[in-house]
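To start, the structure under review is shown below, and the notes come after it.
The values are calculated or read from the model by the stated rules, or taken from the named source; none is laboratory data. This one's a predicted model, so the numbers in the text were calculated from it and none came from an experiment. Because the Cβ atoms are built from the backbone with ideal geometry, glycine has one as well, and the counts that use them run over all protein chains shown. We work out accessible area using only protein heavy atoms, side chains counted, and drop any ligands, DNA or RNA first. Shrake-Rupley method; radii C 1.70, N 1.55, O 1.52, S 1.80 Å.
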Amino acid sequence: MSVTTPRGFRAAGVAAGLKASGGSDVALVVNDGPDAGVAAVFTSNRIKAAPVLWTQQVVRGGVVRAVVLNSGGANACTGPAGFQDTHATAEHTAAALTSVSPRLILGAGEVAVCSTGLIGERLPMPKLLPGVRSAIRGLSRDGGTAAAEAILTTDTRSKTTVARGSGWTVGGMAKGAGMLAPGMATMLCVLTTDAVAGPATLDEVLRAATRVSFDRVDSDGCMSTNDTVLLLASGASGIEPTPAELAAAVTAACHDLAQQLVADAEGATKQIAIDVVGAADEDDAVEVGRSVARNNLVKTALFGNDPNWGRILAAVGTTSAAFEPDGVDVAVNGVWVCRGGGAAEDRSKVDLTGRDVTIRIDLHAGTSAATIWTNDLSHAYVHENSAYST
């Protein structure tokens, strides 16, 4: 259940001293396969971290042999010096890998770099670069679990997945527990496959997958500067699935990881699915679902086990979606507390004692639908984020 489940990949995770806790903080994923195709999606935040800017350039080349990731520092808002640190990390990784695996013979332009942690501080390169060398020494086919652990920040557990095709596999790891409201994906994610697929196909299937998975996660309305999702193909299976087959597996992997991210959201006591149906088009359904997901009054009500449907309806009303105000229905955990824009079943029938919550909103304006996943807003979330940098 990791990035090394597909054939042709090795990984490692080590402690380099970037985290004050002393936990593992440098991960490395290497593609040893006959192919090295890549696709990626990145944050749509206009303020992008140095590793995002670097990796965007790398991915344009269509070949990635290695991904080096660190937690303990985002290397965002660090200016030209921070970008040079990212470049130096890629150069160091390429040279060190080539020295121990000459058959790779890779350059810095084939090394993607990802960072996560506190924004605004440069990385301690005298610690990071030796950490990369240590990770190279630890590379193994069983290293996916350690790599997934090394990229965690406020996460309470690692997040990995596997989706299997006919003779080929997709694996993945992700991290993210806060700033989960992206315009493409959620924090850091590396997906791998041993299927045979070129960069164009990988790009097509990855964008289709993230659109209905990571793009639909909206935990806290905050977008990161570092969000990166990479899809690497080794071709080691020798099997070339159809684009539809590959898309189905990549989408399944992304969906699984997205659900794990929401389940581990900072301070969350509820995992909430907002199903919007009867929309004029998919964009309307997404807009309505996202508006409800980002509404602090809704999120705090659910934290208090209060099925306050008026707050949900008010959030729907802030959108530009097509609907008639007196034609909207709302159900919470199967109880239709609102019909036709007004009170319906007794809200006391709603059971919110469990962790899973489903809000269903029927706009009665069309046939399109979408689901947005979010969580509640708790005391623990406020506490954790009130002193994150201190």
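Computed from the C-beta positions of residue 166 and residue 212, the FRET efficiency with R₀ = 30 Å rounds to 0.85. Helix 282-293 and the long axis of the chain differ in direction by around 80°, with both axes built from C-alpha atoms. 3J(HN,Hα) along the stretch 98-103, derived from phi through the Karplus expression 6.51 cos²θ - 1.76 cosθ + 1.60 where θ = phi - 60°, amounts to 5, 5, 9, 9, x, 5 Hz, with x in place of Gly and Pro. When the charge dipole of the chain is built from unit charges on Cβ atoms (+1 for Lys and Arg, -1 for Asp and Glu) and taken about the Cα centre, the candidate among 365, 292, 323 whose Cα reaches farthest toward its positive end is 292. Our Cα-only numbers for the stretch 272-390 put the radius of gyration and Dmax at 14.5, 49 Å. Sorting 379, 92, 255 on solvent-accessible area from highest to lowest, probe radius 1.4 Å, gives 379, 255, 92. Estimated translational diffusion coefficient (Stokes-Einstein, Kirkwood radius over Cα pairs, 25 °C, 0.890 mPa s) of the stretch 292-339: 218 µm² per second. Here the accessible area of the chain is 52 percent carbon and sulfur, with a 1.4 angstrom probe and all protein chains present. Model label sites at residue 343 and residue 297, defined 7 Å from Cα along the beta-carbon direction, differ in position by 1.7 nm.
Among 376, 281, 215, the residue with the largest mean-square fluctuation in a Gaussian network model of the chain, with springs joining Cα atoms closer than 10 Å, is 281. Over all orientations, the stretch 140-270 has a Cα convex hull whose mean projected area works out to 7.7 square nanometres.
Compared with the dominant principal axis of the Cα atoms in the chain, helix 199-211 is inclined by about 30°. With a Förster radius of 30 Å applied to the C-beta separation of residue 367 and residue 56, the computed FRET efficiency comes to 0.20.
With the convex hull of its Cα atoms as the shape, the chain has an orientation-averaged projected area of 18.4 nm². Counting only alpha carbon atoms, the long axis of helix 125-137 and the longest principal axis of the chain meet at about 80°. Classify the stretch 94-163 as rounded, prolate or oblate, taking a ≥ b ≥ c as the square roots of the eigenvalues of its Cα gyration tensor: rounded when a/c is under 1.5, otherwise prolate if a/b is larger than b/c and oblate if not. Oblate shape, in that a/c is at least 1.5 and b/c is the bigger or equal ratio.
A Förster radius of 41 Å, combined with the Cβ-Cβ distance separating residue 382 from residue 240, puts the computed FRET efficiency at roughly 0.25.
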